[in-house]
1. Rounded to the nearest 500, what is the chain's calculated 222 nm mean residue ellipticity when only DSSP H runs of at least 4 contribute -39500 (n - 2.57) each, over all residues?
2. Over segment 3-84, what is the mean sequence separation of C-alpha contacts under 8 Å (at least six apart), divided by residue count, expressed as relative contact order in percent?
3. Using the Kirkwood radius over C-alpha pairs as Rh, can you work out the diffusion coefficient of segment 3-84 via Stokes-Einstein at 37 °C, viscosity 0.692 mPa s, in µm² per second?
4. When ranked by the protection proxy of mean other Cβ atoms within 10 Å per residue, highest first, what sequence do the peptides 40-52, 69-81 form?
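No lab work stands behind these numbers, since they all come straight from the coordinates. Just so you know, these numbers come straight off a predicted model, no measurement behind them. As a convention, Cβ positions derive from the backbone with ideal geometry for all residues, glycine included, and neighbour counts pool all protein chains shown.
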Amino acid sequence: MSVIAEATPNPNAMKFTSNKQIFQGDASVSVAKGGESEYQVLNQLIALPGVDNAFGYQFFITINKDPDADWSGLTHLIEEIMQQNGY
């Protein structure tokens, strides 16, 4: 499995793309801090300290972090969770 982290124009958002499809169909999914998703991977990601919300579509998940959170600590944890879930 391979997860690629990519910067976005928003400094508080980063896109994580997998070579394996994460979400089926043509609908996007999202979850905000304090919310719950039908997808285990999103629930694990939103539970990370510093994560504000997560948005996913087919092969990627975009994470929005709190402005005070640091990507250097979050990126590795996000990639690890995605890989533990088979992506």
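1. -7000 deg cm²/dmol
2. 32
3. Estimated via Stokes-Einstein, D reaches 262 µm²/s.
4. Descending mean neighbour count gives 40-52, 69-81.
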